[in-house]
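The values are calculated or read from the model by the stated rules, or taken from the named source; none is laboratory data. Worth saying up front: this structure is predicted, and the values here are computed from it rather than measured. Please note: Cβ atoms are built from the backbone with ideal geometry, for glycine as well, and neighbour counts cover all protein chains shown. Heavy atoms of the whole protein, side chains included, go into the accessibility calculation; ligands, DNA and RNA do not. Shrake-Rupley method; radii C 1.70, N 1.55, O 1.52, S 1.80 Å.
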Amino acid sequence: MAGQLLPSKAGAGDSSGSQRESSKLVELPVQCYTHSEMARRYLIDTMGCQMNERDSETAAGILEQLGYEATDDREQADFIALNTCAVRAKPQHKVFSKLGELRRIKEQRPHTIIAVLGCVAQIAAQEIAQRAPYVDIIMGPRNYSHLAGAITTAQARADGDPIIVTDTTEVIPEGPPAAPTIPISSYVNVTYGCNNFCAYCIVPYARGREQSRAPEQIISEIEQAVATGRQEVTLLGQNVNSYGEDLPKACDFADLLSQVNRVKGLRRIRFTTSHPKDLSARLITAMAELPRVCEHLHLPIQSGDDEVLERMGRGYTCEHYRRVVEAARQRMPQMSITTDVMAGFPGETEEQFEHTLCAFEQIRFDQAFMFKYSDRPGTRAAQMDNKVPEEIKQQRLEQLIACQNDIAHQINEELIGTTFEVLVEGRDPKSPEKVRGRTRTNKIVIFPGGSDLQGQTVEVKAQQAFLWGFLGEIAE
Ligand code: SF4
């Protein structure tokens, strides 16, 4: 196996995103272990989004190539990674409390390699190194091609400064093998990074600029996923709608969907996330006409007020957002629409917040991920005056949640009696005599059935509505 590149000393990374110089790198050999030596175990604790879940699968694949086996028991693990999320302040604080818990493990079992991966590793490498000097590896989300080399180096030494690799300018190579965790479904990256720099968002600093994968690489990964029993893929990107803008040969996201739709044996195609400013009429047509593309659109609105959207740097008005939703619903009346929204962006007035509530009442989302704004150091919003007091943010969030819960419940109540095509994911963890799966519109359905149904599509009649979906029974 080829050597890997690693930084020569601690402190190679910093927290200023893509503007930093690349780390000084040295070539190190990578050692693979044979099956008979497979005594080492790994555990990856994943926080945050689907992108992180996919990154953890990449890290797991690399570890398995090195001879590690997965374990759920951190007391048994020889390698423990926190794959971290920096999108809000709360999950970032959680990383440091989890690191505090890992100190004892490192003291009792010094050979255990502790790694911090992902977005917090990228933006707070020095803070991690200072506050948790027992961490062995700190690695940003664009740098997993160096993970094998970093582990080999960490194994070979008793202590020393952490190995830090945090280069957001790195072009992510094809190749690191993934160890998928979901039996019937696969996450497939179509783009990495983001070029949008929304005022509140840390992602472009943590994940670097947008990089589209070549369509043939994406198709080949999906074909392999289907060959190993996956029926569904979720195409991932921070903004899938700008897919292909950096590719040498013209191919936009609608073209990519057409190609994925032709993969034999694949039943369902999902994707996330869409950006309202870039969602084209071509994409709506592709969704409506390609039979494997599911009728679900996750379209973050963030605010229902134009002045707030302007200050967020989102690049659309609320009217534009409504027109996109209308166009999608016109072509696919059964489509479900979900969103992300933020309460208490700096300077948000009561009236502006009312506009968001009003947009929610009029658009009627099937589901929403609702958060309070929190400062992300280094972003434009963090520098803004007029921060909304914590208790007002909380109040507004609660109002939004109450409004959205009513709407979601009503939408699902109206669907009682409808028969849905459900792709069964497996046993319901709370009631072992039942199984759970998803409709094409991404609603969860739980119904009586055995584990032989896993991976099957079944027609299920909705009988009882919840916020998340339905209880039902197999339709006659
Ligand atoms: S589109 Fe905006 S909110 Fe989404 S990842 Fe990029 S910068 Fe962040």
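Observations on the structure shown:
- Matching residues, segment 150-160, being buried (at least 24 other Cβ atoms within 10 Å of the Cβ) and either within 22 Å of Pro204 (Cα to Cα) or among the small types (Gly, Ala, Ser) (or both): Ala150
So that you can scan it fast, the table gives a plain yes or no per residue for (1) closer than 22 Å to Gly61 by Cβ; (2) open to solvent by 30 Å² or more (accessible area, probe 1.4 Å):
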| position | (1), (2) |
| --- | --- |
| Tyr187 | yes, no |
| Val190 | yes, no |
| Cys194 | no, no |
| Cys198 | no, no |
| Cys201 | no, no |
| Pro204 | no, no |
| Glu210 | no, no |
| Glu216 | yes, yes |
| Ser220 | yes, yes |
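- Condition met for Ala77 (open to solvent by 30 Å² or more (accessible area, probe 1.4 Å), among the small types (Gly, Ala, Ser), at pLDDT 50 or above and closer than 29 Å to Ile182 by Cα): no
- Taken over segment 404-440, residues that are open to solvent by less than 20 Å² (accessible area, probe 1.4 Å) and either closer than 30 Å to Ala328 by Cα or hydrophobic (A, V, I, L, M, F, W, C) (or both) amount to 10.
- Against the numbered list (1) part of a loop (DSSP other than H, G, I, E, B); (2) at pLDDT 95 or above, Tyr42 comes up short only at (1).
- With respect to being in contact (Cβ under 8 Å) with a residue 60 or more places away in the chain and open to solvent by 10 Å² or more (accessible area, probe 1.4 Å), Gln126 fits the description.
- Screening segment 357-371 for residues that are of a type in the set (D, E, K, R) and surrounded by fewer than 19 Cβ atoms within 10 Å (Cβ to Cβ) and picking the one that is nearest to Pro333 (Cα to Cα) gives Arg364.
- Lone qualifier among His93, His111 - being in a helix (DSSP H, G or I) and open to solvent by 10 Å² or more (accessible area, probe 1.4 Å): His93
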